[in-house]
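K.L.:
Quick one: the structure is below, questions incoming.
The values are calculated or read from the model by the stated rules, or taken from the named source; none is laboratory data. Bear in mind that the values here come from a model prediction, so they are computed numbers and not experimental data. Cβ sites come from the backbone with ideal geometry, for glycine too, and all protein chains shown count toward neighbours. Areas reflect the complete protein model, heavy atoms only, side chains present, ligands, DNA and RNA absent. Shrake-Rupley method; radii C 1.70, N 1.55, O 1.52, S 1.80 Å.
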Amino acid sequence: MEDPKKSFLHLYDHHASGLAAGTYEITVSQKIENEGSLEESSYQFTVGEELFQLTTNQIHSVYPAPNSAGSYAHHLPHILLNNSTLPWQASPGSSEKGDPFLFLLLFDESELSNLDVRTEINEQEKKTRTILTLPTALLSQFFIDGATKTPLKLSECLKTLRLLTHVRVLKEVNKNGVEEIMSRQACILGNRLPKAGSKSVVHLVSLVYTPEGDTFNFSSLHEREKVQLYSLYSYSFSTNGIDQKKDESDFHLGLSKLNVSVINTGTTAEKDTIAAKLMQEAFVPLNHHLRTGDQRYSLYRGPLVPPSSKETDLPLATSSDQLLRIEAETGILDTSYAAAWNLGRYLALNSRTLVKALVNWKRSHAHDVKQKRVHQLFEMASVHENLPIQQQLLNEESPSFELPGVVRQAIENCLKLAEVPMVYLVPDNKMLPKESLRFFKVDKSWTKALLNGVFEVGFAGLSAERDNALWNQFYTEKIKKENVYLGYIMRSQLLVDFPTVELIGLDKDKNIISPVRVLREGDMAMVLFNQTVAEVIFSMPDHSMHAGFEHRGNPSELVLVLKNPNKLEEVSNKTQTKDVSNVEVTFLSKSQGIIDIPKLAEKIPSHESASLGSAELAYHVLKKGTAFSFKFGKERSN
């Protein structure tokens with residue numbers, strides 16, 4: 001097994017764009033000695049700036065997730081932008097170049113009545129702009145203590161903006177030991193904690209121009225009763241009440257509460273009945289309309305079965321009816337493999353390219369059969385020596401007809417259940433209730449029946465014996481050995497709230513096993529491996545970390561736990577910090593949950609420069625990604 005790539009998250013204070021926003025002109029001229037000069041050529045180009053609106057493509061992710069609910073009371077919201085230079089493409093209206101112009105405002109639901117949000121259309125650019133109008137005091141509280149009632153100081157406001165904006169660069173070390181940049185995003189942190197038991201609304205605002213056409217000015221804000229800002233992006237989320245007994249992240253806590261078992265269709269009070277056994281084996285009774293017009297209940301089981309289930313020996317079938325079976329103990333019709341056969345046929349017929357490849361491949365084999373028959377006839381007549389044409393036929397080697405690439409890809413897709421509809425995988429909601437995880441193995445017999453249905457498309461009319469030989473080239477021994485798939489299927493709100501969670505496995509020696517397929521749709525995920533897995537791991541990658549604090553006893557008394565405190569001891573004298581492992585969080589307004597970011601930064605020793613930058617602050621404030629594991633196949637209920 002190859003070692004997994006090592007990835008590292010690098011933090012930077014800023015990432016300035018190569019050119020400032022504006023219109024530029026390039027002039028090209030050429031002068032040849034003794035020949036004179038050629039005519040100059042020039043052209044103009046424009047470097048744009050996103051001052052008024054962002055599209056969803058420009059946003060990598062936000063935290064907390066939009067419309068989510070969780071334990072966010074000790075976490076700062078943030079937004080990650082795909083363009084790492086965007087926050088520095090302009091500067092706040094009254095500042096020098098090089099300062100970030102974006103700011104993340106968080107409002108509690110009790111404050112929403114003081115806000116006015118409207119949309120206008122810019123006739124010249126044909127773009128919509130969202131305008132946020134709010135009381136000046138409501139904006140000022142994010143920068144100064146509201147009790148002081150003093151005008152905002154530009155220098156203090158810019159210091160807050162700088163410390164809340166940093167760049168995250170994810171790098172991987174390839175097999176040659178060379179670092180490669182995998183992604184680069186700008187991150188804007190908020191400086192206000194969400195209120196427990198309440199809904200919060202977040203606005204990413206621009207501090208360059210006001211909708212009235214003025215340049216934004218911190219120093220003159222106190223002269224206005226209300227202020228208008230451009231809101232580039234907004235979303236909302238809800239925060240649960242604080243549980244003083246627990247200090248776990250919502251991610252870790254949610255996973256610990258999952259209902260975990262092998263896949264089944266529920267339980268019954270009578271454990272030893274035939275019905276209970278069928279449910280344990282993941283069979284589902286479904287309404288079955290017969291060709292005769294009759295209606296009855298039949299059994300169906302998809303490809304996801306309990307790991308202990310036994311395989312069924314299936315013959316090569318030329319129709320789905322040949323794979324109908326009778327369940328021995330109940331006498332009920334089992335349609336599982338017949339349904340898989342039909343589905344394989346439908347999937348193949350849905351691809352014109354695949355049908356054409358299958359037909360041509362079978363025709364080539366049919367032609368080969370006819371050629372060999374002619375050889376046999378001439379050999380039996382013993383006249384081939386007097387017939388030159390026959391001698392030529394006998395000297396020809398039988399061609400080798402390999403499977404076309406599109407057919408090989410179709411086989412691989414079937415083995416990975418790539419195009420199998422969800423209703424075939426999970427035919428009953430009882431198999432996957434909310435907040436549950438189910439382990440399974442893929443039934444080899446089911447995928448064989450699926451491939452059988454694909455194989456029968458474009459049938460060349462060969463004999464049964466020849467058809468079996470052709471099937472053996474289609475469903476080879478190698479494929480039979482590779483057809484060992486297992487995994488788990490999960491349904492949880494965590495998949496919505498934490499879209500960047502990594503889903504991997506470990507073998508018995510703790511080596512990482514990457515899944516061969518991950519299907520994620522909303523709150524559901526199916527993860528497939530093609531080798532034995534001892535544990536399944538859910539981990540939050542470092543590049544998706546969020547900023548947060550911890551409480552010590554009283555939930556209102558928050559501390560920032562510093563990383564690598566031993567390294568900070570040698571520089572702690574710069575700030576006279578007594579405890580270099582924990583720093584008490586300083587608030588502008590504790591009742592409003594607004595943190596005094598510059599004062600917090602002053603308490604943290606810096607070993608990079610005289611004052612702490614946004615990258616160092618982010619290093620300490622960001623919580624490291626966590627991991628949670630389950631033993632494969634081990635049940636647990638809550």
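K.L.:
Output the residues belonging to the stretch 476-501 that are over 29 Å from Glu635 (Cα atoms) and either free of Cβ contacts under 8 Å to residues at least 40 places away in the same chain or within 18 Å of the chain's Cα centre (by Cα) (or both). Walk me through it before giving the result.
P.N.:
Taking the stretch 476-501 and keeping what is over 29 Å from Glu635 (Cα atoms), we get 476-480.
Of everything in the stretch 476-501, those that are over 29 Å from Glu635 (Cα atoms) and either free of Cβ contacts under 8 Å to residues at least 40 places away in the same chain or within 18 Å of the chain's Cα centre (by Cα) (or both) turn out to be Thr476, Glu477, Lys478, Lys480.
K.L.:
If we keep just the residues of the stretch 512-561 that are of a type in the set (D, E, K, R) and modelled with pLDDT under 85, which is nearest to Tyr488 (Cα to Cα)? Please lay out each step first, then the result.
P.N.:
Filtering the stretch 512-561 down to residues of a type in the set (D, E, K, R) leaves 517, 520-521, 523, 535, 542, 550, 552, 557.
Filter once more, keeping what is modelled with pLDDT under 85: 542, 550, 552, 557.
On the way: Asp542: 24, Glu550: 34, Arg552: 38, Glu557: 41 Å.
By that ranking, first place goes to Asp542.
K.L.:
Can you tell me how many residues in the stretch 68-86 are assigned to a loop (DSSP other than H, G, I, E, B) and in contact with a His (Cβ under 8 Å, 6 or more places away or on another chain)? Steps first, answer last, please.
P.N.:
First pass over the stretch 68-86, keeping only residues assigned to a loop (DSSP other than H, G, I, E, B): 68, 71-74, 77, 82-85.
Cutting the leftovers down to in contact with a His (Cβ under 8 Å, 6 or more places away or on another chain) gives us 74, 82, 84-85.
Residues in the stretch 68-86 being assigned to a loop (DSSP other than H, G, I, E, B) and in contact with a His (Cβ under 8 Å, 6 or more places away or on another chain): 4 in total.
K.L.:
I need a count of the residues in the stretch 393-440 that are surrounded by fewer than 14 Cβ atoms within 10 Å (Cβ to Cβ), in a loop (DSSP other than H, G, I, E, B) and at pLDDT 90 or above.
P.N.:
The qualifying residues number 3.
K.L.:
Does Ser614 satisfy being crowded, with 17+ Cβ neighbours inside 10 Å and at pLDDT 85 or above? Lay out the reasoning, then the answer.
P.N.:
Values: crowded, with 17+ Cβ neighbours inside 10 Å: yes; at pLDDT 85 or above: yes.
In short, yes.
K.L.:
Of all residues in the stretch 482-507, which are within 18 Å of Phe440 (Cα to Cα) and either open to solvent by 70 Å² or more (accessible area, probe 1.4 Å) or in contact with a helix residue (DSSP H, G or I) (Cβ under 8 Å, 6 or more places away or on another chain) (or both)? Can you show your working first?
P.N.:
Going through the stretch 482-507, the residues within 18 Å of Phe440 (Cα to Cα) turn out to be 482-492, 503-507.
If the condition is that a residue be within 18 Å of Phe440 (Cα to Cα) and either open to solvent by 70 Å² or more (accessible area, probe 1.4 Å) or in contact with a helix residue (DSSP H, G or I) (Cβ under 8 Å, 6 or more places away or on another chain) (or both), then Glu482, Asn483, Val484, Tyr485, Ile489, Ser492 are the ones that fit.
Residues checked against (1) within 32 Å of the chain's Cα centre (by Cα); (2) open to solvent by 70 Å² or more (accessible area, probe 1.4 Å); (3) at pLDDT below 65; (4) farther than 15 Å from Ser320 by Cα:
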position: Arg345; (1), (2), (3), (4): yes, yes, no, no
position: Leu358; (1), (2), (3), (4): no, no, no, yes
position: Trp361; (1), (2), (3), (4): no, no, no, yes
position: Ser364; (1), (2), (3), (4): no, no, no, yes
position: Asp368; (1), (2), (3), (4): no, no, no, yes
position: Gln376; (1), (2), (3), (4): no, yes, yes, yes
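K.L.:
Output the residue which, of all residues in the stretch 66-85 that are aliphatic (A, V, I, L, M) and open to solvent by 10 Å² or more (accessible area, probe 1.4 Å), is nearest to Gly593 (Cα to Cα). Full working, then the answer.
P.N.:
Taking the stretch 66-85 and keeping what is aliphatic (A, V, I, L, M), we get 69, 73, 76, 79-81.
Among the residues that remain, those that are also open to solvent by 10 Å² or more (accessible area, probe 1.4 Å) are: 69, 73.
Values: Ala69: 18, Ala73: 9 Å.
Out of the qualifying residues, it is Ala73.
K.L.:
Every residue in the stretch 207-216 that is in a strand (DSSP E or B) and surrounded by 16 or more Cβ atoms within 10 Å (Cβ to Cβ), please. Spell out the reasoning first.
P.N.:
Just the residues of the stretch 207-216 that are in a strand (DSSP E or B), to begin with: 209, 215.
Of everything in the stretch 207-216, just one residue is in a strand (DSSP E or B) and surrounded by 16 or more Cβ atoms within 10 Å (Cβ to Cβ), namely Tyr209.
K.L.:
State whether the residues of the stretch 258-267 include one that is modelled with pLDDT under 85, over 13 Å from Glu327 (Cβ atoms) and either in contact with a Ser or Thr (Cβ under 8 Å, 6 or more places away or on another chain) or surrounded by fewer than 14 Cβ atoms within 10 Å (Cβ to Cβ) (or both).
P.N.:
First, pick out the residues of the stretch 258-267 that are modelled with pLDDT under 85: 265-267.
When the remaining residues are screened for being over 13 Å from Glu327 (Cβ atoms), the result is 265-267.
Subsequent filtering for residues that are either in contact with a Ser or Thr (Cβ under 8 Å, 6 or more places away or on another chain) or surrounded by fewer than 14 Cβ atoms within 10 Å (Cβ to Cβ) (or both) retains 267.
Within the stretch 258-267, one or more residues are modelled with pLDDT under 85, over 13 Å from Glu327 (Cβ atoms) and either in contact with a Ser or Thr (Cβ under 8 Å, 6 or more places away or on another chain) or surrounded by fewer than 14 Cβ atoms within 10 Å (Cβ to Cβ) (or both).
K.L.:
Same structure, new question: Does Ile188 satisfy the criteria of being open to solvent by 50 Å² or more (accessible area, probe 1.4 Å), under 27 Å from Glu616 (Cβ atoms), of a type in the set (A, V, I, L, M, F, W, C) and assigned to a strand (DSSP E or B)?
P.N.:
Details: open to solvent by 50 Å² or more (accessible area, probe 1.4 Å): no; under 27 Å from Glu616 (Cβ atoms): yes; of a type in the set (A, V, I, L, M, F, W, C): yes; assigned to a strand (DSSP E or B): yes.
No; evaluated as a whole, the condition is false for this residue.
K.L.:
If Ser155 meets every condition in (1) out of contact with any Leu (no Cβ under 7 Å at 6 or more places or on another chain); (2) farther than 26 Å from His620 by Cβ; (3) of a type in the set (Ser, Thr, Tyr) apart from one, which number is that one?
P.N.:
(2)
K.L.:
Looking at this structure, is Asp116 over 32 Å from the mean Cα position of the chain (by Cα) and modelled with pLDDT of 90 or more? Working first, answer last.
P.N.:
Values: over 32 Å from the mean Cα position of the chain (by Cα): yes; modelled with pLDDT of 90 or more: yes.
Answer is yes for this residue.
K.L.:
Would a scan of the stretch 579-588 turn up a residue that is surrounded by 15 or more Cβ atoms within 10 Å (Cβ to Cβ), under 24 Å from Pro433 (Cα atoms), at pLDDT 65 or above and over 21 Å from the mean Cα position of the chain (by Cα)?
P.N.:
No; the residues of the stretch 579-588 include none that is surrounded by 15 or more Cβ atoms within 10 Å (Cβ to Cβ), under 24 Å from Pro433 (Cα atoms), at pLDDT 65 or above and over 21 Å from the mean Cα position of the chain (by Cα).
K.L.:
Which is open to solvent by less than 60 Å² (accessible area, probe 1.4 Å), part of a strand (DSSP E or B) and modelled with pLDDT of 85 or more, of Leu204, Leu255, Leu286?
P.N.:
After ruling out the rest, the residue left standing is Leu204.
K.L.:
I want to confirm something. Restricting to the stretch 56-103 and keeping residues that are at pLDDT 85 or above and among the small types (Gly, Ala, Ser), which single residue is nearest to Ser234 (Cα to Cα)?
P.N.:
Ser61
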